[in-house]
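**Q** Handing you this structure, nothing more for now.
The values are calculated or read from the model by the stated rules, or taken from the named source; none is laboratory data. Please read these numbers as outputs of a predicted model, since none were measured by experiment. Quick reminder, even Gly has a Cβ in these numbers, built from the backbone with ideal geometry, and neighbours come from all protein chains shown.
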Amino acid sequence: MAGLATSLGAGAATNSLAQMPEIDTLFLFGSNPTEAHPIVSIYLKKALRNGAKLIVGDPRKTWMAKRSDVWLNLSPGTNIAMMNGLVHAILKNGWENKEFIKNRTEDFDALREKVKEYNLKTVEKITGVPKQKIIDAARMYSHADKAMIVYGLGVTEHRTGTENAMAIANLALVCGHIGRPSTGIMALRGQNNVQGASDLGPAPNILPGYQPVANADARAKFEKAWNVPILAASGLKSVEMLDMACQGKFRGLYIMGEDPAQTDPNSHEVRRALKSLKFLVVQDIFHTETTQYADVILPGSSFAEKDGTFTNGERRIQRVRKAIEPVAGLADWQIICRIANRMGYPMKYNHPSEIMDEIASLTPIYGGISYDRLERESLQWPCPTKDHPGTKTLYTDLFSRPGGKAKFVALDHKGSGEMPDKEYPFALITGRIREHYNNGSMSRRVPGIMELVPEEHLELNPADAKKMKLKSDDWVSVSSRRGKIKVRVRVTSRSQRGNVFLTFHFPEALSNFLTSEHRDPIAGTPEYKSCAVKIEKLPKSYQA
Amino acid sequence: MSNKKIKIILNGVKTACDKDDTVFNAAKKAGVFIPTLCHDMRLEPYGACRMCSVEVKGVSRLLPACSTPVSEGMDVRTESRTVKRVRKRLVSLLLSNHPNDCMRCETSGACKLQNLAYEYKVDGMEYGGERWKLPIRQANPFIVYEPNKCIVCGRCVRICNEIVMAGTIDFTGRGFNTVPDTAFRVARTLSICEFCGQCVSTCPTGALTDKKARGKGRVHEMKRVKTTCSYCGTGCSFYLNVKDDKVVRVSSDFFGPVNQGDLCVKGRYGYDFIHSRDRIKTPLVKRGDKFVKTSWDRAFAIIASNFEKIIKRHGSDSVGAFSSSRCTNEENFLLAKFVRTVFKTNNVDNCARV
Ligand code: SF4
Ligand code: SF4
Ligand code: SF4
Ligand code: FES
């Protein structure tokens, strides 16, 4: 979310889900909500029933793409070129919002100069989207009254993920489509509490509430509350900790609730790093690929076993309530406290509500949150004080950047770290399906779900399938420069020619062995979304 | 939505309401209960069952409150003698083709039809007549359909087509034999059913039930705990239904600020992992190639001494932690605090950028 933070000030969705039915033009980009976010899709479907126009930017022919007014079927990894092309078309036709650009933004000239390089012929060549469609989309979006861009991991999980988000912000800002109800940018995130986890500071360069460790006042506040000195220099990002582990310079790691050995692309490297550690503690509810490397495994507690809060993708802080006793006796927050106490730093809380009180006292955007209030009302941050009603729409008058203005960022198309070539002719896209979730450790333990979707399938376009003489359910091997897996094929026109699709829910056929080591240099987000692969038919006799 | 105020007279009391309200919504806001069967707040008003009939002064027939808009000065009576008589007759008619099976019905206690029969003192013996004897459908992995308990209110058909837009269920048969079907007969008309159980959540009777929860207890035996879904970042709320310290069902929270009772397959049916046999139940330490069980205290001692040793020998910068966007806000905050106060480094990160 560093992208939106750079352009607008905060790395968060600008609006509320409940505003979606009133959208009149929806631009869905790199997101397949009917599969990955079914309840968001219910809101979006309501907007469509109310007559909203629909633009979809996605290499796959999704449910929404089939129903769109304009489908921008761009090649994987060409998001920035696409956005620059749209801005180009808007400026060329004078469809921009001059008032808004003048009063509420800065650095417009840099953007204007940059997008001159992206005339529609060039953009058509890079993205594969016909010029006329780009113009249609640009007209539709810029002329709307309530226009919302909804984007998903198809945007962020690229080497240029952070820049992709800035490119989207550029488009919205050029049209002034931000800061009004039903008008703005919504990012649909993957895991349930991504927003809360980024808000509350387990990050090497920021303290809870996006307060930089480099800021002396912020540090002083936390030093006083926690009674320890806080280092001004950033710590290591997760990737860096693993790299240093391989070099023998990083030795002890505590992993709470993550499974990098499966969910990180380039799983081989991660496993090497985990093996190199001197001491590894993993806290999880199930054995995972990662727990194999642990020296100590601590049983985690599921959401049903503890009190707490999650913050959803629209910044809404909601209660998690304990329904049953922790299966292993202790909730995760109690475990952290016990280890801290034993290592000589006292952490005493009787209940997670007291942790929230401490969060509120140190984190201005959560300043007005308490469990008492959450019993009575539903709150979205920023909620700075106990009598503040929370914030449904961000940036109605000021952006949260210094000076209150949004920033245009001039960006270049760089493409994926790895493009298809002679040897590896297909672009592999990875994503989610509705029935499963992440590494599958939860959803794969639901018998009804396994009955419906028991195994991984490689989605392949009918034309490609015909050329390779493949039918649905045939076995193939899929290999990239980094690894090889075996899966069955599903022939479907959801994938376009030259693109294939896999999920990452199944350890037997782990797509992350294939995906690339390229990362977003700013956020460190790995490039899950595209890499180059080749496909070979396996003999009839092959059985998994 | 315009919210221009107008006034109606509700059971003799002047009541302010929004111009766009239906009589049902206006009454609800004023705290006056009108019974319904085919109505669900999530759906467009349908006006089929007439259970919500009310009397309006100057109109000779009764009007359905769920689909009648308010108008200035409208004089509405929700509990007049005629209204009550008509409702009672409707319940009687419905029960004349109903299996009288409440004693072993999954939905007993939460069934709208049962509640109405109780309120209007109807035993289902008033009218004779033919009753359906249709087979129970169990092909759907998550949903059981007992057509004999169906009152053909159309809610399941509408929620599946209007809201989910899956188009899985439709009415089949004609006249007396019309029932909603398909999604429950062939597993995956299966290729289009989303298994969201929205149809179950809206069914007012025991005709549609959650398969996994059958036989696990009825509404009065459950502790219901409102919480937030742990799968995706939409943050739907729902109730965990707990019996004997076991989660046996998820039911809709119709007042959830995000989802108003709607859920997807993961939220509604994805809870089995909680009581999975594979859960890690005790701390484990590695001995050679194996993991052996140990006590919490022992595990904490090993963890503390190993980290202390590494920090002492190689410095704070050689240790760190990953936290998770699967964990709560409080746990994330605490881990960020832990690394800075106990490890005394800024080496802490999460996967929140994904
Ligand atoms: S589970 Fe969902 S998709 Fe399937 S029939 Fe019911 S409402 Fe329709
Ligand atoms: S199955 Fe339930 S919801 Fe569907 S028509 Fe019958 S009674 Fe109504
Ligand atoms: S019910 Fe489905 S859409 Fe809602 S939060 Fe859970 S997984 Fe997401
Ligand atoms: S509830 Fe109004 S007609 Fe059925």
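**Q** Mind listing whichever residues of the stretch B:305-320 are more than 7 Å from every other protein chain (Cβ to nearest Cβ) and surrounded by fewer than 18 Cβ atoms within 10 Å (Cβ to Cβ)? Before the answer, list the steps.
**A** Step one: of the stretch B:305-320, the residues more than 7 Å from every other protein chain (Cβ to nearest Cβ) are B:305, B:309, B:311-313, B:315-317.
Matches in the stretch B:305-320: B:Ser305, B:Lys309, B:Lys312, B:Arg313, B:Gly315.
**Q** Give me the residue from the stretch B:146-175 that is of a type outside the set (A, V, I, L, M), within 14 Å of another protein chain (Cβ to nearest Cβ) and within 16 Å of ligand 4 (Cβ to nearest atom) and, out of that set, farthest from A:Glu35 (Cα to Cα).
**A** Looking at residues that are of a type outside the set (A, V, I, L, M), within 14 Å of another protein chain (Cβ to nearest Cβ) and within 16 Å of ligand 4 (Cβ to nearest atom), I get B:Arg158.
**Q** Sticking with this one: Any residue in the stretch B:123-144 that is within 14 Å of chain A (Cβ to nearest Cβ), within 16 Å of ligand 1 (Cβ to nearest atom) and among the charged types (D, E, K, R)? Before the answer, list the steps.
**A** So in the stretch B:123-144, the residues within 14 Å of chain A (Cβ to nearest Cβ) come out as B:138-144.
Narrowing the set further to residues that are within 16 Å of ligand 1 (Cβ to nearest atom) leaves B:138-144.
Remaining after also requiring among the charged types (D, E, K, R): none.
Scanning the stretch B:123-144, I find no residue that is within 14 Å of chain A (Cβ to nearest Cβ), within 16 Å of ligand 1 (Cβ to nearest atom) and among the charged types (D, E, K, R), so the answer is no.
**Q** Can you name every residue in the stretch A:329-360 that is part of a loop (DSSP other than H, G, I, E, B) and in contact with a Leu (Cβ under 8 Å, 6 or more places away or on another chain)?
**A** A:Met347
**Q** If you don't mind, there's one more thing I want to ask. State whether one or more residues within the stretch B:79-98 are farther than 30 Å from B:Lys211 by Cα and outside any helix (DSSP H, G or I).
**A** Yes, the stretch B:79-98 contains a residue that is farther than 30 Å from B:Lys211 by Cα and outside any helix (DSSP H, G or I).
**Q** From the list A:Ile285, A:Ile255, pick out the single residue that is in contact with a Phe, Trp or Tyr (Cβ under 9 Å, 6 or more places away or on another chain), free of Cβ contacts under 8 Å to residues at least 60 places away in the same chain, under 16 Å from B:Ser324 (Cβ atoms) and not charged (D, E, K, R).
**A** A:Ile255
**Q** Do we find a residue being more than 15 Å from B:Thr36 (Cβ to Cβ) and either assigned by TED's automatic domain parsing to the domain that holds B:Ala48 or in contact with a Pro (Cβ under 6 Å, 6 or more places away or on another chain) (or both) anywhere in the stretch B:98-121?
**A** no
**Q** Any residue at all in the stretch B:230-249 that's within 16 Å of ligand 4 (Cβ to nearest atom) and hydrophobic (A, V, I, L, M, F, W, C)?
**A** As a first pass, look at the stretch B:230-249 and keep what is within 16 Å of ligand 4 (Cβ to nearest atom): none.
No.
**Q** Got a number for residues in the stretch B:223-244 being more than 7 Å from chain A (Cβ to nearest Cβ) and surrounded by 21 or more Cβ atoms within 10 Å (Cβ to Cβ)? Steps first, please.
**A** Start the filter on the stretch B:223-244 by keeping residues that are more than 7 Å from chain A (Cβ to nearest Cβ), which leaves B:223-224, B:238-239, B:241, B:243-244.
With surrounded by 21 or more Cβ atoms within 10 Å (Cβ to Cβ) added as a condition, the list becomes B:238, B:241.
Residues in the stretch B:223-244 being more than 7 Å from chain A (Cβ to nearest Cβ) and surrounded by 21 or more Cβ atoms within 10 Å (Cβ to Cβ): 2 in total.
**Q** Another question, if that's okay. Identify, from the list A:Ala18, A:Ala81, the residue that is part of a helix (DSSP H, G or I), away from ligand 2 (no atom under 16 Å from the Cβ) and away from every other protein chain (no Cβ under 12 Å).
**A** Being part of a helix (DSSP H, G or I), away from ligand 2 (no atom under 16 Å from the Cβ) and away from every other protein chain (no Cβ under 12 Å) holds for just one of A:Ala18, A:Ala81, which is A:Ala81.
**Q** Spot the failing condition for A:Leu200; the list is (1) of a type in the set (A, V, I, L, M); (2) in contact (Cβ under 8 Å) with a residue 24 or more places away in the chain; (3) touching a Lys or Arg at 6+ places or on another chain (Cβ under 6 Å), and only one is missed.
**A** All conditions are met except number (3).
**Q** Which residues, taken from the stretch B:144-158, are near ligand 2 (Cβ under 8 Å from one of its atoms), in a helix (DSSP H, G or I) and either under 17 Å from B:Pro45 (Cα atoms) or out of contact with any His (no Cβ under 8 Å at 6 or more places or on another chain) (or both)?
**A** B:Pro147, B:Arg155, B:Cys156, B:Val157
**Q** A further question follows. When only residues in the stretch B:245-262 that are in a loop (DSSP other than H, G, I, E, B) and within 16 Å of ligand 1 (Cβ to nearest atom) count, which is surrounded by the fewest Cβ atoms within 10 Å (Cβ to Cβ)?
**A** Among those residues, the one meeting the criterion is B:Phe254.
**Q** Another question, then. Can you tell me how many residues in the stretch A:35-55 are touching a residue at least 60 places away in the same chain (Cβ under 8 Å) and facing chain B (nearest Cβ under 8 Å)? Spell out the reasoning first.
**A** Going residue by residue through the stretch A:35-55, those that are touching a residue at least 60 places away in the same chain (Cβ under 8 Å) are A:35-38, A:40, A:44, A:53, A:55.
Then keep just the ones that are facing chain B (nearest Cβ under 8 Å); that gives A:36-38, A:40.
Here the count works out to 4.
**Q** Sort through B:Gly270, B:Gly261 and tell me the only one that's small (Gly, Ala, Ser) and either at the interface with chain A (Cβ under 7 Å from one of its Cβ atoms) or closer than 18 Å to A:Leu280 by Cβ (or both).
**A** Of the residues listed, the single one that is small (Gly, Ala, Ser) and either at the interface with chain A (Cβ under 7 Å from one of its Cβ atoms) or closer than 18 Å to A:Leu280 by Cβ (or both) is B:Gly270.
**Q** Tell me, yes or no, whether the stretch A:337-352 has at least one residue that is surrounded by 23 or more Cβ atoms within 10 Å (Cβ to Cβ) and charged (D, E, K, R).
**A** Scanning the stretch A:337-352, I find no residue that is surrounded by 23 or more Cβ atoms within 10 Å (Cβ to Cβ) and charged (D, E, K, R), so the answer is no.
**Q** Please pick out the residue among B:Ser323, B:Ser305 that is in contact with a helix residue (DSSP H, G or I) (Cβ under 6 Å, 6 or more places away or on another chain) and hydroxyl-bearing (Ser, Thr, Tyr).
**A** B:Ser323
**Q** Go through the stretch A:311-328 and give me each residue that's hydrophobic (A, V, I, L, M, F, W, C) and assigned to a loop (DSSP other than H, G, I, E, B).
**A** Correct list: A:Ala323, A:Ile324, A:Val327, A:Ala328.
**Q** Of these, B:Ile274, B:Ile302, which one is part of a helix (DSSP H, G or I), more than 18 Å from the chain's Cα centre (by Cα), surrounded by fewer than 23 Cβ atoms within 10 Å (Cβ to Cβ) and within 16 Å of ligand 3 (Cβ to nearest atom)?
**A** Selected residue: B:Ile274, the only one of B:Ile274, B:Ile302 that is part of a helix (DSSP H, G or I), more than 18 Å from the chain's Cα centre (by Cα), surrounded by fewer than 23 Cβ atoms within 10 Å (Cβ to Cβ) and within 16 Å of ligand 3 (Cβ to nearest atom).
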